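Chemist: Could you have a look at this structure, given as structure tokens, before my questions?
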Amino acid sequence: MQLIGEKLTCVRGGRTVFSGLSFKVAAGDGLLLTGPNGAGKSSLLRMIAGLLRPQAGTLRLSRGPAERDIGELCHFIGHANGIKRVLTVEENLRFWSGYLGGEGVDKALATLGLESIRDVPAALLSAGQARRLALARLLVAPRPLWLLDEPTVSLDAASQATFARLIRAHLASRGIVAAATHLPLGATFRRKLTLGKGGSQ
Amino acid sequence: MNPFVLLVARDLKLAWREGGAVFTALGFYLAVVAMLPFGLGPDLNLLSRIAPGVLWVALLLSALLSVDRIFHNDFEDGALEPMAGGPLPLELVAAAKSLAHWLSTGLPLVLAAPLLGLLLNLPSEAYGMLMLTMLVGTPAVSFIGSIGAALTLGLRRGGLLLSLLILPLQVPVLIFAVSAVTVSVTGPGSPLPALAILAALSLASMVLAPLAAAAAIRMNLQ
């Protein structure tokens with residue numbers, strides 16, 4: 001499986017964010033997006049997830065399950081966590097696992113250290129705990145492509161290490177990870193893409 | 001479990017836990033209906049003649065209070081994005097959330113209507129048809145409302161704009177619902193044609209509104 005973007009152009013509010021952007025990521029490889037604020041890292045991830053339509057260019061997944069588009073094969077973890085404040089940690093995760101057709105809620109809670117607070121309403125979570133709950137969605141429904149936008153924001157050192165391990169495991173199992181970040185993620189990304197300053201490579 | 005059912009169940013649970021929306025709508029319904037006799041004076045004949053229309057208009061306004069929340073919270077907290085890439089097409093997501101809104105808000109308002117009918121001296125033979133028109137017609141209120149809710153997603157004061165967008169679309173529902181009730185009390189003829197058109201409006205909105213709402217959500221997620 002290979003994620004291929006060809007000559008992508010992104011225009012936001014009349015301003016060209018990037019143009020002529022091409023990349024290729026094979027299964028087992030990671031794609032690291034770097035660049036200054038406003039360079040289009042989030043826009044590119046949203047584009048891959050199918051939320052943002054490219055002005056020009058194509059995105060495709062070669063040798064993937066043909067009948068499904070990329071949006072249904074990826075997990076998109078954006079800035080917002082997608083957590084309901086009035087539901088407990090476990091209810092939040094159980095909904096996503098059921099909705100996205102996965103399982104393993106208990107294991108995901110244990111992996112991300114959320115087991116002791118599983119019955120706590122999500123409104124009471126700290127920023128780091130809420131982020132961990134959002135990341136737990138990656139584990140409860142298996143999908144080959146992970147799109148991560150600043151995934152480790154507000155995580156403590158131990159959680160960052162746990163998450164780095166999860167990324168490495170996902171890459172080792174022939175998944176694809178595309179991450180935009182300013183912080184080191186602790187995993188080897190074989191492809192790097194630097195956005196910004198008019199051109200990009 | 002089926003994702004559609006799961007989504008409806010989750011929205012109902014959220015509506016129940018958050019509580020506020022349903023009771024605000026019910027309270028508003030009671031307030032509007034209770035104010036009216038003070039404004040019009042204690043003319044029982046007048047009140048009972050206008051009661052079906054008042055009950056319906058007040059129900060529309062009360063339901064609109066919470067319609068903007070159909071997608072708003074999921075948009076704000078980022079839950080709509082994974083849903084857009086989920087197993088259900090966005091059209092069915094919109095349908096599930098509109099259905100949940102009807103069950104959590106529309107239905108309680110319908111059940112409150114006969115109690116409020118007492119305040120307006122609603123003729124006793126009108127109760128059955130009033131309830132029937134409300135049961136048949138209120139799904140259209142939630143589903144048509146979802147179009148406005150989806151269109152005004154990114155806006156800060158979306159609620160007001162939403163009323164302007166949606167109320168004109170609800171006019172046919174109001175006309176046929178009230179005419180069915182009036183005809184059933186005063187005649188002439190049968191209320192069935194009006195009721196059938198009301199049912200058609202409701203069914204058509206259930207099919208068509210999710211298409212429009214999903215298109216608007218896609219636009220707002222860009």
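Chemist: Can you tell me how many residues within region B:193-222 are among the small types (G, A, S) and closer than 13 Å to B:T152 by Cα?
Modeler: Kept after step one, since they are among the small types (G, A, S), are these residues of region B:193-222: B:194, B:196, B:199-200, B:202, B:204-205, B:209, B:212-216.
Those still in the list that are closer than 13 Å to B:T152 by Cα too: B:212-216.
Counting residues in region B:193-222 that are among the small types (G, A, S) and closer than 13 Å to B:T152 by Cα gives 5.
Chemist: If you don't mind, another one. Does region A:96-108 hold any residues that are more than 12 Å from A:L133 (Cα to Cα) and facing chain B (nearest Cβ under 9 Å), and which are they?
Modeler: A:G98, A:Y99, A:L100, A:G101 - these are the residues of region A:96-108 that are more than 12 Å from A:L133 (Cα to Cα) and facing chain B (nearest Cβ under 9 Å).
Chemist: Before we move on, is A:A134 out of contact with any helix residue (DSSP H, G or I) (no Cβ under 8 Å at 6 or more places or on another chain), of a type outside the set (S, T, N, Q) and more than 17 Å from A:F189 (Cβ to Cβ)? Quick ask: steps written out before the conclusion?
Modeler: On the way: out of contact with any helix residue (DSSP H, G or I) (no Cβ under 8 Å at 6 or more places or on another chain): yes; of a type outside the set (S, T, N, Q): yes; more than 17 Å from A:F189 (Cβ to Cβ): yes.
So A:A134 fits the description; yes.
Chemist: Residue check: is A:L109 over 16 Å from the mean Cα position of the chain (by Cα) and either assigned to a helix (DSSP H, G or I) or surrounded by fewer than 22 Cβ atoms within 10 Å (Cβ to Cβ) (or both)?
Modeler: Numbers: over 16 Å from the mean Cα position of the chain (by Cα): yes; either assigned to a helix (DSSP H, G or I) or surrounded by fewer than 22 Cβ atoms within 10 Å (Cβ to Cβ) (or both): yes.
In short, yes.
Chemist: Tally time: how many residues in region B:1-56 are in contact (Cβ under 8 Å) with a residue 60 or more places away in the chain and more than 30 Å from A:L100 (Cα to Cα)?
Modeler: Residues flagged as in contact (Cβ under 8 Å) with a residue 60 or more places away in the chain and more than 30 Å from A:L100 (Cα to Cα) within region B:1-56 amount to 18.
Chemist: Only one of these is within 14 Å of chain B (Cβ to nearest Cβ) and either farther than 19 Å from A:L193 by Cβ or in contact with a Lys or Arg (Cβ under 7 Å, 6 or more places away or on another chain) (or both): A:T111, A:T88. Name it. Break it down into steps so the answer makes sense when it comes.
Modeler: Details: A:T111 fails: within 14 Å of chain B (Cβ to nearest Cβ).
The conditions single out A:T88.
Chemist: Within region A:84-93, does at least one residue satisfy the condition of being over 23 Å from B:A215 (Cα atoms), under 19 Å from the mean Cα position of the chain (by Cα) and surrounded by fewer than 15 Cβ atoms within 10 Å (Cβ to Cβ)?
Modeler: No: zero hits.
Chemist: Can you confirm whether region A:137-147 contains a residue that is surrounded by 15 or more Cβ atoms within 10 Å (Cβ to Cβ), of a type outside the set (V, I, T) and either more than 17 Å from the chain's Cα centre (by Cα) or farther than 17 Å from A:W96 by Cβ (or both)? Talk me through it step by step, then tell me what you get.
Modeler: Narrowing region A:137-147 to residues surrounded by 15 or more Cβ atoms within 10 Å (Cβ to Cβ): A:137-147.
Pick out the ones that are also of a type outside the set (V, I, T) and you get A:137-139, A:141-147.
Filter once more, so that each one left must be either more than 17 Å from the chain's Cα centre (by Cα) or farther than 17 Å from A:W96 by Cβ (or both): A:144.
Yes; the residues of region A:137-147 include at least one that is surrounded by 15 or more Cβ atoms within 10 Å (Cβ to Cβ), of a type outside the set (V, I, T) and either more than 17 Å from the chain's Cα centre (by Cα) or farther than 17 Å from A:W96 by Cβ (or both).
Chemist: Within region B:195-222, restricting attention to residues that are over 21 Å from B:T133 (Cβ atoms) and either away from chain A (no Cβ under 14 Å) or of a type in the set (G, A, S) (or both), which residue is surrounded by the fewest Cβ atoms within 10 Å (Cβ to Cβ)?
Modeler: Residues of region B:195-222 over 21 Å from B:T133 (Cβ atoms): B:210-222.
Right, trim to either away from chain A (no Cβ under 14 Å) or of a type in the set (G, A, S) (or both) and you get B:210-216.
Working: B:P210: 25, B:L211: 14, B:A212: 19, B:A213: 29, B:A214: 21, B:A215: 16, B:A216: 21.
The selected residue is B:L211.
Chemist: Checking the conditions here, which among B:L116, B:L160 is free of Cβ contacts under 8 Å to residues at least 40 places away in the same chain and part of a helix (DSSP H, G or I)?
Modeler: None of the other options fit; the residue is B:L160.
Chemist: I've got another one for you. (1) at positive phi; (2) within 12 Å of chain B (Cβ to nearest Cβ): which one isn't true of A:R63, the others all being true?
Modeler: (2)
Chemist: Residues of region B:15-33 being among the aliphatic types (A, V, I, L, M) and at pLDDT below 90, which ones?
Modeler: Going through region B:15-33, the residues among the aliphatic types (A, V, I, L, M) turn out to be B:15, B:21-22, B:25-26, B:30-33.
Residues satisfying the conditions are B:A15, B:A21, B:V22, B:A25.
Chemist: Any chance region A:12-27 includes a residue that's within 11 Å of chain B (Cβ to nearest Cβ), in a strand (DSSP E or B) and more than 30 Å from B:R10 (Cβ to Cβ)?
Modeler: Residues of region A:12-27 that are within 11 Å of chain B (Cβ to nearest Cβ), as a first pass: A:12-13.
Subsequent filtering for residues that are in a strand (DSSP E or B) retains A:12.
If we keep only those that are more than 30 Å from B:R10 (Cβ to Cβ) as well, we get A:12.
Checked region A:12-27: at least one residue is within 11 Å of chain B (Cβ to nearest Cβ), in a strand (DSSP E or B) and more than 30 Å from B:R10 (Cβ to Cβ).
Chemist: Which residues, counting only those in region A:114-165, are of a type in the set (G, A, S), away from every other protein chain (no Cβ under 14 Å) and farther than 17 Å from A:H79 by Cα? Give the steps one after another, and end with the answer.
Modeler: Keep residues of region A:114-165 that are of a type in the set (G, A, S), which gives A:116, A:122-123, A:126-128, A:130, A:134, A:136, A:141, A:154, A:157-159, A:161, A:164.
With away from every other protein chain (no Cβ under 14 Å) added as a condition, the list becomes A:116, A:126, A:128, A:154, A:157-159, A:161, A:164.
Residues satisfying the conditions are A:S116, A:A157, A:A158, A:S159, A:A161, A:A164.
Chemist: Follow-up. Go through region A:148-179 and give me each residue that's among the polar types (S, T, N, Q), touching a helix residue (DSSP H, G or I) at 6+ places or on another chain (Cβ under 8 Å) and assigned to a loop (DSSP other than H, G, I, E, B). Please lay out each step first, then the result.
Modeler: Taking region A:148-179 as the starting set, the residues that turn out to be among the polar types (S, T, N, Q) are A:152, A:154, A:159-160, A:162, A:173.
Next, from what is left, pick out any that are touching a helix residue (DSSP H, G or I) at 6+ places or on another chain (Cβ under 8 Å): A:152, A:154, A:159, A:162.
Across region A:148-179, the qualifying residues are A:T152, A:S154.
Chemist: Which condition from (1) farther than 18 Å from A:L155 by Cα; (2) assigned to a helix (DSSP H, G or I) is the one that A:S116 breaks?
Modeler: (1)
Chemist: To continue, here is another question. Could you tell me whether region B:182-192 includes any residue that is touching a residue at least 12 places away in the same chain (Cβ under 8 Å), surrounded by 15 or more Cβ atoms within 10 Å (Cβ to Cβ) and closer than 30 Å to A:I48 by Cα?
Modeler: No, there is no match, as no residue in region B:182-192 is touching a residue at least 12 places away in the same chain (Cβ under 8 Å), surrounded by 15 or more Cβ atoms within 10 Å (Cβ to Cβ) and closer than 30 Å to A:I48 by Cα.
Chemist: Within region A:66-84, can you find the residues that are within 12 Å of chain B (Cβ to nearest Cβ) and either farther than 13 Å from A:A134 by Cβ or of a type in the set (D, E) (or both)? Before you say what the answer is, go through the steps one by one.
Modeler: First, the residues of region A:66-84 that are within 12 Å of chain B (Cβ to nearest Cβ): A:68-84.
Within region A:66-84, A:R68, A:D69, A:I70, A:G71, A:E72, A:L73, A:C74 meet the criteria.
The values are calculated or read from the model by the stated rules, or taken from the named source; none is laboratory data. Remember, predicted model here, so these are calculated numbers, not experimental data. Virtual Cβ from ideal backbone geometry, glycine too; neighbours counted across all protein chains shown.
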